[in-house]
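Everything on this sheet refers to the single structure shown next.
The values are calculated or read from the model by the stated rules, or taken from the named source; none is laboratory data. Everything quoted here is computed from the prediction, not taken from an experiment. Heads up, the Cβs are rebuilt from the backbone with ideal geometry, glycines too, and the neighbour counts pull from every protein chain shown.
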Amino acid sequence: MNTYFRITIFLFGLALLGGCSGTTDEALKSYNKSALYWYDHLTEAIVKGNLDKADKYYLSLKSEHARSPLLPTATLILAQAHSDKEEYLLAGYYLDSYKKRFGNENNADYIDFLKLKASFLGIKDINKDQKLITDALQESERFLYRYPDSPYLPLVDTIRTRLLMAQYLLNENIAALYARIGKKEAAKIYREKNENSPLKQSDIAPPKRGIFSKIFD
């Protein structure tokens, strides 16, 4: 199922559950269950690779037990599960939810790192994902500014470097295209952008699997 469509359905389901219990399948037939009941079913669904069903169990857990100590863990587990399945928009949704409800000064850098990681891994094509590259680059720079002592700095710095490489190559590709069709002024604008980059052409040696190849075990 298309990820954007799944997010729309998920958010619609969350809105409906604001005033009622249950979802579909087993969740539709059950309500007023314990938090542990929903948590166990949620984790079982993840183990079986059924994230659609896990999302539904999460909605039941959230609607029936909004203050349960299991909810923060369930939120992070689903964020990681969707990230592992390369569903980075849904992963980002859960991370945003976690940060909004459970974030604090002790876990802020960890959550923001996970969000940046999802944004980075969600980029697939330099030429098609220009805005995603720009947004992720800004996100990485905010992280470096906000958390100068974070243990995640080396990874964030690596992500930022990859993003700068992508941005440089994108500008060069656009400049070359404009040059080929005789738009010299437009080509000049994009080459001037690269002149202001902290990287130079000689600095860029793309990894064998591409700039956006996974850098995480």
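Per-residue answers, yes or no, for (1) over 26 Å from Ile123 (Cα atoms); (2) among the aromatic types (Phe, Trp, Tyr); (3) at pLDDT below 95; (4) under 18 Å from the mean Cα position of the chain (by Cα):
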{"site": "Lys53", "(1), (2), (3), (4)": "yes, no, yes, no"}
{"site": "Pro72", "(1), (2), (3), (4)": "yes, no, no, yes"}
{"site": "Ile77", "(1), (2), (3), (4)": "no, no, no, yes"}
{"site": "Tyr94", "(1), (2), (3), (4)": "no, yes, no, yes"}
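Close Cβ contacts (under 7 Å, 6 or more residues apart or on different chains) running from residues in the stretch 108-132 that are at positive phi to residues that are not in a helix (DSSP H, G or I) are absent. Please work out if Ile111 is β-branched (Val, Ile, Thr), surrounded by 14 or more Cβ atoms within 10 Å (Cβ to Cβ) and either at pLDDT 95 or above or part of a helix (DSSP H, G or I) (or both). Considered against the rule, which asks whether it is β-branched (Val, Ile, Thr), surrounded by 14 or more Cβ atoms within 10 Å (Cβ to Cβ) and either at pLDDT 95 or above or part of a helix (DSSP H, G or I) (or both), Ile111 comes out as yes. Please determine whether any residue of the stretch 130-143 is among the hydroxyl-bearing types (Ser, Thr, Tyr), under 17 Å from the mean Cα position of the chain (by Cα) and assigned to a loop (DSSP other than H, G, I, E, B). Scanning the stretch 130-143, I find no residue that is among the hydroxyl-bearing types (Ser, Thr, Tyr), under 17 Å from the mean Cα position of the chain (by Cα) and assigned to a loop (DSSP other than H, G, I, E, B), so the answer is no. Candidates in the stretch 146-160 are the residues that are without any contact (Cβ under 8 Å) to a residue 24 or more places away in the chain and surrounded by 11 or more Cβ atoms within 10 Å (Cβ to Cβ); of these, the one that is nearest to the chain's Cα centre (by Cα) is Arg160. Summed over the stretch 145-172, the residues that are over 14 Å from Ser119 (Cα atoms), at pLDDT 95 or above and among the hydrophobic types (A, V, I, L, M, F, W, C) give a count of 1. For Ala166, are the conditions met, namely being of a type in the set (Gly, Ala, Ser), more than 17 Å from the chain's Cα centre (by Cα) and either surrounded by 19 or more Cβ atoms within 10 Å (Cβ to Cβ) or in the same structural domain as Tyr93 (by TED's automatic domain parsing) (or both)? Here the answer is yes, as Ala166 does meet what is asked.
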